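A.B. asks: Encoded as structure tokens, here's the structure I'll be asking about.
The values are calculated or read from the model by the stated rules, or taken from the named source; none is laboratory data. Treat the numbers as computed from the prediction; the structure is a model and nothing was measured. Virtual Cβ from ideal backbone geometry, glycine too; neighbours counted across all protein chains shown. With ligands, DNA and RNA removed, areas are computed over all heavy atoms of the protein, side chains included. Shrake-Rupley method; radii C 1.70, N 1.55, O 1.52, S 1.80 Å.
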Amino acid sequence: PEDETPAAVEMHITWSDGVHFEFTTGSGDDVLKSVLCRGDVALTSADGNVTCGLLDVHFAPDGSGSSAPSLAIATENVKAVSDQQILWADRAQVTFKQGAGDDDPLGGDLQADRMSAEGDVQVLLADGGRAFCDTLDGDAGQEEAELRGNILIAYERLLLDRGDEAVLILHRSEGRGDWTGPGQARFLADPIEVGSEGRI
């Protein structure tokens, strides 16, 4: 009906090459179980946006008996953009939770909870630095992140590297980081370019 207000959109996904749906069956009420999107996939939510070649979104029943996203797995040239950073990886995974909004008796807003990434991970930070690692795990609000493997942190005139087996835990709200394992710091005479918005 024309007088109804459209429902708010919490997540928007587009694709170019097709989509495969799966539903749970046998309980009387079929509900959405997963959606596999292929080709130039773009996911947009309040937390940011993700582009990739393949996106597999898993769903779980929400407070109303419908389906809400619980897990999204992106592969093939993954790029995730938020207010604080840009992340590139071969594979990234985000888990979601239902917020407990007072104004929503059905469970509140959908919120990203945890994020992990692996495979040539690069993160362009808001301050212009760039981090490289093998794996990254953190909360979706980016207050804490754990980088593992071959870690390199690059700024225009500073390189922190040789972290082949290092662990770096960043605490953004506290403004500090803890590097465990081997490494070195080099202060450069000439600046290097690390702030471009593409994967390098």
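A.B. asks: Given R₀ = 22 Å, what would the calculated FRET efficiency be for Asp127 paired with Asn150, taking r from the Cβ atoms and rounding to 0.05?
C.D. replies: 0.50
A.B. asks: Using a 1.4 angstrom probe, figure out how much accessible area the chain has per residue, in square angstrom, rounded to the nearest whole.
C.D. replies: Value for the chain: 58 Å² per residue.
A.B. asks: If packing is taken as the average number of other Cβ atoms within 10 Å across a peptide's residues, how do 30-41, 143-154, 185-196 rank, most packed first?
C.D. replies: Packing order, densest peptide first, comes out as 143-154, 30-41, 185-196.
A.B. asks: Please state the relative contact order of the chain as a whole percent: Cα pairs under 8 Å, 6+ residues apart?
C.D. replies: 11
A.B. asks: Which percent of the accessible area of the chain is formed by carbon and sulfur heavy atoms (probe 1.4 angstrom)?
C.D. replies: Values: 5760 of 11640 Å².
Using a 1.4 Å probe with all protein chains present, the chain comes out at 49 percent carbon and sulfur.
A.B. asks: Which entry in (1) 13.7; (2) 10.8; (3) 14.7 matches mean projected area of the Cα convex hull in nm² derived from the coordinates of this structure?
C.D. replies: Working out mean projected area of the Cα convex hull in nm² from the coordinates points to (3).
A.B. asks: Could I ask something else about it? So what are the ³J(HN,Hα) numbers for the stretch 193-200, from phi and the Karplus equation (6.51, -1.76, 1.60; θ = phi - 60°), rounded to whole Hz, Gly and Pro as x?
C.D. replies: Using θ = phi - 60°, the values come out as 8, 10, x, 5, 8, x, 6, 10 Hz.
A.B. asks: How much length, in nm to one decimal, is gained on full extension between Glu193 and Asp90, taken as 0.36 nm per residue of separation minus their Cα-Cα distance?
C.D. replies: Working: separation 103, 0.36 × 103 = 37.08 nm, distance 2.26 nm.
Full-extension gain reported as 34.8 nm.
A.B. asks: If the label point is 7 Å along Cα→Cβ of Arg186, which residues in the stretch 136-164 have backbone nitrogen under 11 Å from it?
C.D. replies: Taking a point 7 Å out along Cα→Cβ of Arg186, the residues of the stretch 136-164 whose backbone N falls under 11 Å are 158-162.
A.B. asks: Do you know the relative contact order of the stretch 118-178, to the nearest whole percent, from alpha carbon pairs under 8 angstrom that are 6+ apart?
C.D. replies: 26
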